[in-house]
1. Give me the dipole magnitude in Debye, nearest 20, for the chain about the Cα centre, with unit charges on the beta carbon: positive for Lys and Arg, negative for Asp and Glu.
2. Rounded to the nearest 5, what is the percent of antiparallel bridges among the DSSP beta bridges in the chain?
3. Sequence-distant or interchain residues sharing an amide H contact under 5 Å with ALA95, placed H: which?
4. Which peptide among 82-91, 118-127, 225-234, 1-10 comes first, and what is the full order, when sorted by highest mean count of other Cβ atoms within 10 Å?
5. Please list 135-146, 191-202 highest first by mean number of surrounding beta-carbon atoms within 10 Å per residue.
6. Using the basic label-point model (7 angstrom from Cα toward the beta carbon), what is the ALA265 to LEU232 distance in nanometres?
7. What's the Kirkwood radius of the chain in Å, using all Cα pairs?
8. Would you mind putting 264-270, 251-257 in packing order, based on average other-beta-carbon counts within 10 Å, highest first?
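What follows draws every value from the coordinates through simple rules; no lab data is involved. All figures in this text were calculated on a predicted structure; none of them were measured in a lab. Don't worry about glycine lacking a Cβ; one is built from the backbone with ideal geometry, like all the others, and counts go over all protein chains shown.
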Amino acid sequence: MRALVVDHSAPNRLALATVPDPEPGPDQVLVRVAAVSLNYGELPTSEGVPAGTIPGWDAAGVVERAAASGRGPKPGDRVVTFAPNAGAGWAELRAVSVDELAVLPDEVSFEQAASLPVAAVTALRALRAANVRPGHRVAVTGASGGVGRFAVQLAHLAGAEVYALVGSPERGEGLVEIGADHVATGADGIDAPVDVVLDNVGGPLLGDILGRTAEHGVVISIGATSGEPTVLAPYQLIAGLVTLIGFRMGAGLGDDLAYVVRLVAEGRLQAPVDWRGSWEKADEAVTALRARRIRGKAVLTVG
Ligand SMILES: NC(=O)c1ccc[n+]([C@@H]2O[C@H](COP(=O)([O-])OP(=O)(O)OC[C@H]3O[C@@H](n4cnc5c(N)ncnc54)[C@H](OP(=O)(O)O)[C@@H]3O)[C@@H](O)[C@H]2O)c1
């Protein structure tokens, strides 16, 4: 089969190559992949990732072979799938656990579905970890990105007042339409203390937002795309009794994937696919993602 593999001599360290087909384990289905999405956190950035590794956390396609255990979907079912670490989803065939997938209704395209696993389920689980309730004021940093655009929508669906923080006004385009009540380029745009922060950016912005977090507020640290350290003012957390939580999405996505797929099918959640194209153009998509030119998700079609 063909796959996008780590190749340190290629642009963005990725190239299409011919590799052996995967051998599914007893509790895995074999999926013929139709579309995959890119996540910031899985792009190879150094020689530390062995050449030949097949990345890919998110992939959607059609079940080609059912699991030997008898669990999970049957051949011909359309599915969206996830696997952690070097997920091996950026390939024509993927062997994947029956616990890390959801069956797709006809209303949800492979491209929409491929955008969901890591970005949407991270946003969903982070909101849950913060116990977001109707009426809460919720700030989302990096709201222009993949996790951010899902977080804005899911916080809005939960009845929150949403502050979407972005790097520039252009990066904020489309956020009001999907549920942001306020779009701002820095913490100054937060005009009343927020109860919950979902932070994708870290760095100085996180420090500024901590200063605008309500007493007993909860800050969920999801990512740190700024790559910069955060400096806290003396007693900053203590004075407001703010809880700062380090978050990891984890595994066992099946039920949560089925939930977000249902929201998309019902038209209540938009899959924010901003870049779509063949995996032959993966280099273009990765460059755009790294350059912060994607508003939401980049999706590659496979084959
Ligand atoms: N903890 C977990 O389990 C988990 C799960 C998923 C993702 N993550 C992390 O969450 C973060 C967001 O992921 P994502 O997939 O949503 O990424 P993404 O689509 O690339 O979005 C990241 C956003 O961060 C902002 N940003 C600010 N400074 C940046 C910089 N120097 N370089 C790049 N972006 C910068 C960008 O917004 P502006 O251009 O508007 O500033 C961009 O839209 C990443 O750090 C990722 O690794 C963590």
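1. Details: 25 positive and 34 negative charges, 32 e Å.
For this selection, approximately 160 debye.
2. Details: 29 of 54 bridges.
For the chain, the DSSP antiparallel bridge percentage is about 55.
3. Counting only residues 5 or more places away or on other chains, the set is VAL31.
4. On the way: 82-91: 21.9, 118-127: 25.0, 225-234: 13.0, 1-10: 18.1.
Most protected by this proxy first, the peptides run 118-127, 82-91, 1-10, 225-234.
5. Numbers: 135-146: 27.2, 191-202: 22.5.
My ranking of the peptides, most packed first, is 135-146, 191-202.
6. Going by the 7 Å Cα→Cβ label model, 4.4 nm.
7. Working: mean 1/r = 0.0510 Å⁻¹.
The Cα-based Kirkwood calculation yields 19.6 Å.
8. Values: 264-270: 15.9, 251-257: 18.3.
Ranking the peptides 264-270, 251-257 by packing returns 251-257, 264-270.
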